[in-house]
Amino acid sequence: MTDVARTPHQLGNLIRRARRKRELSQSQLGELADLRQETISLIEMGHPAAKLETLLSILAALDLEFRVAPRGKDSELDIEDIF
């Protein structure tokens, strides 16, 4: 199943759920991603100024990937039209 995040808050919730599913504390995830526990906390709370590099480090530590796709199931926009 694929989860969709369209806001920083939604992304933070998805990261929190994935971390908890793997039974990791914020500190443990921070160690895996080479980040401070405080940074993990801010991301999970939906801090809007998170760097992409930081988010990618967290996703990699959780064995997750970042994908770009058109919004919604009924979208007529093809991804090739974007680029």
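The values are calculated or read from the model by the stated rules, or taken from the named source; none is laboratory data. What you see is a predicted model; the values in this text were computed from it and never measured. No Cβ is skipped: glycine too gets one built from the backbone with ideal geometry, and neighbour counts run over all protein chains shown. Remember, those area values only see protein heavy atoms, side chains included, never the ligands or the DNA or RNA. Shrake-Rupley method; radii C 1.70, N 1.55, O 1.52, S 1.80 Å.
List of remarks:
- For residue 35, distant residues with modelled amide H under 5 Å away: none
- Once exposed loop GluC sites (Glu not before Pro) are cut out (DSSP; at most 12 other Cβ, 10 Å), longest piece of the chain: 24-64
- For residue 46, the residues 5 or more places off, or on other chains, whose built amide H falls under 5 Å of its own are 12.
- Three principal axis extents of the stretch 8-64 based on alpha-carbon atoms, in descending order, are 25, 19, 19 Å.
- Think of a 1.4 Å ball rolled over the protein heavy atoms: the chain then has 79 Å² of accessible area per residue.
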